[in-house]
Each structure stands twice: as structure tokens, then as C-alpha cells.
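Student: Would you mind keeping the following structure in view while I ask a few things?
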Amino acid sequence: MAPKISRRAFGKVVLTGLAGSALGLAGFSSSAFASSKRVVVIGGGFGGVSAARYLRQHDPSIKVVLVEPKAVYYTCPLSNWVFSGHRELQALAQTYTALENRYGVDVIPMRAEGIDPVKKIVTLNDGSQQSYDRLVVSPGVALDWAGIDGYTRQISESTIPHAYEAGVQTTLLRNQLLAMRDGGTVLICPPSGQFRCPVAPYERASLIAFYLQQHKPKSKIIILDDKDGFFDQDQFMKGWERFYAGMIEWRGAIAGGKVWSVDAKSMTVETDFGGESADVINIIPSQKAGKIAQDTGLADDTGWCPVDPMTFESSIHPGIYVVGDASDAAPMPKSGDAASRQGRVAAAAIISYFNGDVPSQPTFGSTCYSLIRPGYGLAVKGVFTTSSGQITPVPGAGYMTPFNATDRQYEEDSVQGVAWYEDITSRTWG
């Protein structure tokens, strides 16, 4: 008899968080069913790996193939800690060994170049093809190189890093900070619109300031932001004034924060209020769904991929599930934690589909931690459900570090952030 996922079990999949490293799916057995049940997963980040792992973990009869060109994945969460010097980049490295050896996922170290939603075929960069019965696409984000005149991928790889893909970019920005003179200026230009991890640019400013305060105290940081405000702004401003008074300056849109162009040779950006020069410039471009999602037509005019919030199945191409940063899952933030939970929602929905069951209404969450300095952390935890075809917050649920928190509360949230990271990476790649 084919294994079956119950409505209660579906809820257990998506509610698992820090306290639940094991997902108990009631009603599952190890008995196999039709051998044609084949799932291809594109993308080896939080969303894709979570989907692949939980498919195999809770229904081993499903054949799962993960397509990911990188042998090592560096997590964006905690990558800002590299700039403050209290986390090495290598400590963020994740591999796919456990996914292969422990869960039996076939990992193909290639890049997905195309998807045929009608024939259900994924074409890889060597021209080979992978067929699927169900497809999970977790391509992350694509950076918009047209948003700022003079800023190109080539310049980002040599002179002005974005450091929004952890790895080589992280090292490049870190080395520039190490080489900068005392008394130098760092410019940080956050993206506009929706983007990956809304607090990350401001945590980055905080932790760069921590490093400069220790080693180059005459230096300063200017944040040029084309927005009128940013998430958890009051908390960050409070922390900056307390720990880095006079070192960090935030300029919003009304103060000339919009950056129109950059000259990499002179290390100058042009704003509404004129030019601004710096020793180190960190431009984070605006973003949209990853390239393969754009090429396949999974994204709409917003640049993101509309999905059924019950299952994360594409609203444009049936049989394809889009999870993680590429999906339009607002008001859920674009974060590693959200991507992981969405991957599990999609996995449970796929198992339900294979067994002729109807998935129940999911309730799921998203957790984000950030640091203003070591031992002083901020937490945001949201709980969401679906209503009238939309993802909606659960009233009264969730948590944010209070503005009037005690030092002990800030310290506890910083400690919990480390615990969260160790837990989610273990549950994803371990």
C-alpha cells in the first residue's frame, strides 16, 4: 500500500523550527509505490536542500535528484560576521555529502540551463537532460546590474563587491576592509524593492563598524539608502548611537541616499546631492528571481514567482514548485529560514500529490537574527498561515526584540541566533 501523508502530518512538516530537529510524519511507512515518482530539485541552498532531504526522509520510495553546480555552499546567514572578524568564512561552508550518503539524494554537480514545463525535462549545462514528475526550483536571486550606471558584474568581482552571495565576494570585501587606511570611508548602498534578508545591509554596517572601532577608529561608514526607512530601524539606530556614536551615518532618500551611478576608477558614486567618494564601496544591487526562473517564465512582471501559498506550486506552470527567495511569498521575508520552511511545505505537498491526498492549510514561520555587535542581538520571529489565497501573519504570534530590552535580553537573542544557525544548518545539510 502506498504511504500516505495525513493532514495533521502536513502541519507537522511546516511547523518544525528550533525545537524540532525531527519531523514526525504520521502515517508513513517504508513501502514503495510507483517507481516513476521522480523529483528534480534545482538549487542547493536552504530551500532546495530542505525539500530534497525531507522528500527522501519521509518517503524513500521517491527518486530525488538535486542539481547544483557548486561543491561547497557558503551560507549568507552569519556571513556578515566575517567582516567583524569573529567568524571565519570556512565555518559557513556546507557540503552535500550527508544528502547523498545518508538520504540517498542523487547530487548532480552541474548547472540547470533550461526547463521544459510541458515535456517535464530539465536541461543541464553539458546538454544532458533530467526528466521529472515534479520539479522544485530554488534558484535564489539574480542581481540587477542595470540599476546603477557603471556597476557591472566585472566591477563587482574586482573593485566594488556586493558580497550578497557568500564566498569569494565575502573574502573580497573583508580584504578591502583589512587594507583600508585608518580614517577611511566605507560606503554601503542597500538595494531597493524586495531583497534577500531585509536587515542584512544594516547588520553589515554594524559589524564593519565593530571591526573599524577595534582597528581603525578614525574611520566612518556612510549608508546611502534610496528608501525612507528600513526594517527595525529604531533598534539599529539605538544600537549605533550607543556603540558607534559618530561612526555610522544613514542617509535615506530624502537626504540624497539614492545612488545613480558609480565610477570604479575614482571610487565615487553620484547621488541626488552630488558625488561621494570612499576608500571601500559596497553596492548591493536590486534583486529579482534567479535566472532560470526568469528564463522559464516562472516569474511575473514583478520579477518574482507567484505561487499557491498552500503548496508553493507555481501559479504559472503546474507541477513546478518555487521556494526560497525567488518565490513571491510576501509578507514572509526572503531569508534562509523562510526558504527552508517553504521547501518542507513543497515536499509535503508533493508527497500528498503522489498519494492522491489533498494537503491541509499550512501554518509556518520565519526567524531572523542579526547582530549590532557581539553579545547584542536582535530577533524577529513571524508566524504565518494562508487565507483567501494569500499568506497572512497570525495575529498575536511571533516575537521581536523589544525596543526597551535589557542588556540580558539582547545577549540572549544573540546567543539564540547562534543556536538557530547551528540547528538549521544541521537540519538542512547535516
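Student: If you take the residues of the range 152-170 that are of a type outside the set (A, V, I, L, M, F, W, C) and in contact with a helix residue (DSSP H, G or I) (Cβ under 6 Å, 6 or more places away or on another chain), which of them is surrounded by the most Cβ atoms within 10 Å (Cβ to Cβ)? Step through it out loud before you land on a result.
Tutor: Keep residues of the range 152-170 that are of a type outside the set (A, V, I, L, M, F, W, C), which gives 152-154, 156-159, 161-162, 164-165, 167, 169-170.
Filter once more, so that each one left must be in contact with a helix residue (DSSP H, G or I) (Cβ under 6 Å, 6 or more places away or on another chain): 161-162, 170.
Details: P161: 24, H162: 21, T170: 22.
Only one residue tops the list, namely P161.
Student: For S370, which of the numbered conditions (1) crowded, with 20+ Cβ neighbours inside 10 Å; (2) closer than 27 Å to V136 by Cβ fails to hold?
Tutor: (2)
Student: For the structure I just gave you, tell me whether Q194 is within 20 Å of the chain's Cα centre (by Cα) and either without any contact (Cβ under 8 Å) to a residue 24 or more places away in the chain or crowded, with 17+ Cβ neighbours inside 10 Å (or both). First the steps, then the outcome.
Tutor: Working: within 20 Å of the chain's Cα centre (by Cα): yes; either without any contact (Cβ under 8 Å) to a residue 24 or more places away in the chain or crowded, with 17+ Cβ neighbours inside 10 Å (or both): yes.
So Q194 fits the description; yes.
Student: Run down G47, G11 and say which single residue is assigned to a helix (DSSP H, G or I) and modelled with pLDDT of 95 or more.
Tutor: Details: G11 fails: modelled with pLDDT of 95 or more.
The unique qualifying residue is G47.
Student: Also, quick follow-up: With respect to I351, is the statement that it is surrounded by 24 or more Cβ atoms within 10 Å (Cβ to Cβ) and either closer than 24 Å to V65 by Cα or within 18 Å of the chain's Cα centre (by Cα) (or both) true? Walk me through how you get there before you give the answer.
Tutor: On the way: surrounded by 24 or more Cβ atoms within 10 Å (Cβ to Cβ): yes; either closer than 24 Å to V65 by Cα or within 18 Å of the chain's Cα centre (by Cα) (or both): yes.
It is true that I351 is surrounded by 24 or more Cβ atoms within 10 Å (Cβ to Cβ) and either closer than 24 Å to V65 by Cα or within 18 Å of the chain's Cα centre (by Cα) (or both).
Student: Next question. Confirm whether G396 is out of contact with any Gly (no Cβ under 7 Å at 6 or more places or on another chain), of a type outside the set (S, T, N, Q) and modelled with pLDDT under 95. Spell out how you get there, then give the answer.
Tutor: Working: out of contact with any Gly (no Cβ under 7 Å at 6 or more places or on another chain): yes; of a type outside the set (S, T, N, Q): yes; modelled with pLDDT under 95: yes.
So G396 fits the description; yes.
Student: Taking the range 138-151, which residues are assigned to a loop (DSSP other than H, G, I, E, B), out of contact with any Asp or Glu (no Cβ under 7 Å at 6 or more places or on another chain) and crowded, with 16+ Cβ neighbours inside 10 Å?
Tutor: Residues of the range 138-151 assigned to a loop (DSSP other than H, G, I, E, B): 138-140, 144-148, 150-151.
Filter once more, keeping what is out of contact with any Asp or Glu (no Cβ under 7 Å at 6 or more places or on another chain): 138-139, 144-148, 151.
Answer for the range 138-151, where residues must be assigned to a loop (DSSP other than H, G, I, E, B), out of contact with any Asp or Glu (no Cβ under 7 Å at 6 or more places or on another chain) and crowded, with 16+ Cβ neighbours inside 10 Å: S138, P139, D144, G147, I148, Y151.
Student: Where residues in the range 102-133 are small (G, A, S) and either in contact (Cβ under 8 Å) with a residue 12 or more places away in the chain or not assigned by TED's automatic domain parsing to the domain that holds G297 (or both), which of them is surrounded by the most Cβ atoms within 10 Å (Cβ to Cβ)?
Tutor: As a first pass, look at the range 102-133 and keep what is small (G, A, S): 104, 112, 114, 127-128, 131.
Of the ones still in play, those that are also either in contact (Cβ under 8 Å) with a residue 12 or more places away in the chain or not assigned by TED's automatic domain parsing to the domain that holds G297 (or both) are 104, 112, 114, 128, 131.
On the way: G104: 13, A112: 26, G114: 13, S128: 10, S131: 14.
Once the filter is applied, the top-ranked residue is A112.
Student: I'd like to verify a number: residues in the range 271-287 that are under 18 Å from K227 (Cβ atoms) and surrounded by fewer than 18 Cβ atoms within 10 Å (Cβ to Cβ), how many? Explain how you work it out, then say what you get.
Tutor: Kept after step one, since they are under 18 Å from K227 (Cβ atoms), are these residues of the range 271-287: 271-273, 276, 282-287.
Next, only the ones that are surrounded by fewer than 18 Cβ atoms within 10 Å (Cβ to Cβ) stay: 272-273.
Residues flagged as under 18 Å from K227 (Cβ atoms) and surrounded by fewer than 18 Cβ atoms within 10 Å (Cβ to Cβ) within the range 271-287 amount to 2.
Student: So, one more: Scan the range 72-99 residue by residue and report those that are closer than 14 Å to Y421 by Cβ and among the small types (G, A, S).
Tutor: Result: S79, A91, A93.
Student: Tell me the strands (runs of 3 or more DSSP E) entirely within the range 240-338 that contain at least 3 residues that are farther than 30 Å from A112 by Cβ.
Tutor: Numbers: elements: 248-251, 259-263, 268-271, 274-277, 280-283, 287-289, 320-322.
Answer list for the range 240-338: 248-251, 259-263, 268-271, 274-277.
Student: Kindly indicate whether any position in the range 342-350 is closer than 17 Å to T385 by Cβ and in a loop (DSSP other than H, G, I, E, B).
Tutor: Keep residues of the range 342-350 that are closer than 17 Å to T385 by Cβ, which gives 342, 344-346, 348-349.
Now drop any that are not in a loop (DSSP other than H, G, I, E, B), which leaves none.
No.
Student: Let me ask something else about it. Of all residues being more than 25 Å from G147 (Cα to Cα) and of a type in the set (S, T, Y) in the range 213-266, which is farthest from the chain's Cα centre (by Cα)? Just the residue, please.
Tutor: The residue in question is S219.
Student: Right, something else. Taking the condition modelled with pLDDT of 95 or more, in a helix (DSSP H, G or I) and either more than 30 Å from M332 (Cβ to Cβ) or outside the structural domain of Q154 (by TED's automatic domain parsing) (or both), does Q214 pass? Give the steps one after another, and end with the answer.
Tutor: Values: modelled with pLDDT of 95 or more: yes; in a helix (DSSP H, G or I): yes; either more than 30 Å from M332 (Cβ to Cβ) or outside the structural domain of Q154 (by TED's automatic domain parsing) (or both): yes.
Yes, satisfied.
The values are calculated or read from the model by the stated rules, or taken from the named source; none is laboratory data. As the structure is a computational prediction, the values presented were derived from the model and not from experiment. Glycine also receives a Cβ, built like all others from the backbone with ideal geometry; neighbour counts cover every protein chain displayed.
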